[in-house]
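S.K.: One structure coming up, written as structure tokens, with questions to follow.
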Amino acid sequence: MKFEFGKDAKNHIKSSPSLTELYKEIQGELKEVEEQLKLFSDPSNKLISEINTYIFRNTGKRIRPALLLLCTKLISYNGSEHILMCSLVEALHTASLIHDDIIDNSDLRRGQETVHLRWGPNITVLLGDYLYIKALGLSLQSEYPKIIELLTDTSSQMVEGELFEYAMSGNLDIREDEYLDIIRKKTASLFSSTCQIAGVLGEIPGEEEEYLAEFGMNFGMSFQIIDDLLDYTGEESSLGKPVLSDLSEGRITLPLIYSLNNGNASNRKMISEFLKDKSANKKSQVIELVKSNGALEYTFKKAEEFSDLSKNNLKEFPDSLHRQALSSLSDFVLFRNK
């Protein structure tokens, strides 16, 4: 049995703009961001330069820089500091992925070898630290102290979320509210700060700045919940990593939490056994369980709720092409398949 979106959702996917179309107005600035990311490659240190060239060459979706750029356009910001800020949030995100892959002992990220697999865990831990410290150090160039506070606080939250997630690894008793707290800190906090930074740069009223922060938080929650859903519904060729990677690494996410709370003792036993031997047979049983008991539908609905909240936050701003692009980006994240 395969999870399928409803008819309305499928029609939405067919009619929705592509990421290239959504980024049309910011393509030039995204190229400037790529140039800024070269600040993290130290030409005097061949190892740092080599690794950073490797990790930043695969640009991915660049969702966070795109959000910041679109938010600055939403509020008619006319400065230039936003390009540096885009590179800093992307560097913090990359640092978190590097540390995440070490903790999870992951071999693949975006279809290529993870840094720790290629260079070893010791060097990789130090590189992640380097990116965090370098990003926070570069933030001192900002004329807005609040941005420095935001990035510092967000980095702390991200690490706190990672610690909590690791502490709950393999714990089949994790509650939904605990899961939501983890992703709020680990993932959504950076989305929130990214959007709020645009408001700080634009010196908009505090209430409007908070709307941007809330938009980013709800957007980030939807993003991560869909990411966790795709671990059960996606394909390795699209995801760039094996299906069920999260559970294999001990992460108990929303589809499984729902299944554990709406199943019987035999289901719990099966999941527990998978965590011990991770055989292909056990993997298929877990996937079939999650696909057959309403867990995927429930998870998508939860992501949709946060997506709707994010779009409601945008309604506090005048209608414009940039507001529409941000709203469409929320939909893109909700209905993506990788």
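Computed from the coordinates by the stated procedures, all read-outs in this text should not be read as laboratory data. Fair warning: this is a prediction, and the values are worked out from it, not measured in the lab. Quick reminder, even Gly has a Cβ in these numbers, built from the backbone with ideal geometry, and neighbours come from all protein chains shown.
S.K.: Tell me the label-point distance for the pair K315, K269, using the 7 Å Cα-to-Cβ offset, in nm and rounded to one decimal.
M.R.: Distance between label points: 5.0 nm.
S.K.: Counting other beta carbons within 10 Å of each residue's own, what order do R323, R268 fall into, fewest first?
M.R.: R268, R323
S.K.: About the Cα centre, and with charges only on the beta carbon of Lys, Arg (+1) and Asp, Glu (-1), how big is the dipole of the stretch 37-85? Nearest 20 debye, please.
M.R.: 220 debye
S.K.: So, counting K/R as plus one and D/E as minus one, what does the shell of residues with Cβ under 13 Å around E316 add up to?
M.R.: My count for the surroundings of E316 gives -3.
S.K.: Using the 10 angstrom Cβ neighbour count as an exposure proxy, how do S330, S272 rank, fewest first?
M.R.: Starting with the residue having the fewest Cβ neighbours, the order is S272, S330.
S.K.: Further question on the same structure: Toward the positive end of the charge dipole of the stretch 150-214, about the Cα centre and with charges on Cβ (Lys, Arg +1; Asp, Glu -1), which of V200, L163, S189 goes farthest?
M.R.: L163
S.K.: Between L140 and D308, what is the FRET efficiency for a Förster distance of 51 Å, r being their Cβ-Cβ separation, to the nearest 0.05?
M.R.: 0.85
S.K.: Starting from the exponent 0.38 and prefactor 2.2 Å, build the expected Rg for the stretch 78-122 from its residue count and divide its actual Cα Rg by it.
M.R.: The stretch 78-122 yields a ratio of 1.48.
S.K.: Between R57 and I133, what is 0.36 nm times their sequence separation minus the Cα-Cα distance? Round to one decimal in nm.
M.R.: 25.3 nm
S.K.: Could I ask something else about it? Counting pairwise Cα distances across the stretch 197-291, what percent come out greater than 20 angstrom?
M.R.: 49 percent
S.K.: Summing +1 for each Lys or Arg and -1 for each Asp or Glu, what net charge is found among the other residues whose Cβ lies under 9 Å from the Cβ of I83?
M.R.: After counting each charged neighbour, the total is -4.
S.K.: I've got another one for you. Taking the chain as a Gaussian network, where each spring joins two C-alpha atoms under 10 Å apart, which residue of N313, N52, N262 fluctuates the most?
M.R.: Checking each option, the largest mean-square fluctuation is seen for N262.
S.K.: So what is Rg over Rh here for the chain, counting just Cα atoms and using Kirkwood for Rh?
M.R.: 0.96
S.K.: Another question about this same structure. Determine the distance separating the Cα centre of the stretch 112-152 from the Cα centre of the stretch 289-321; give it in Å without decimals.
M.R.: 30 Å
S.K.: Which order do M85, M270, M221 fall in if you start with the one that has the fewest other Cβ atoms within 10 Å?
M.R.: M270, M221, M85
S.K.: Amide H neighbours of E316 under 5 Å, at least 5 residues apart or on other chains, H built in the peptide plane: list them.
M.R.: The answer is none.
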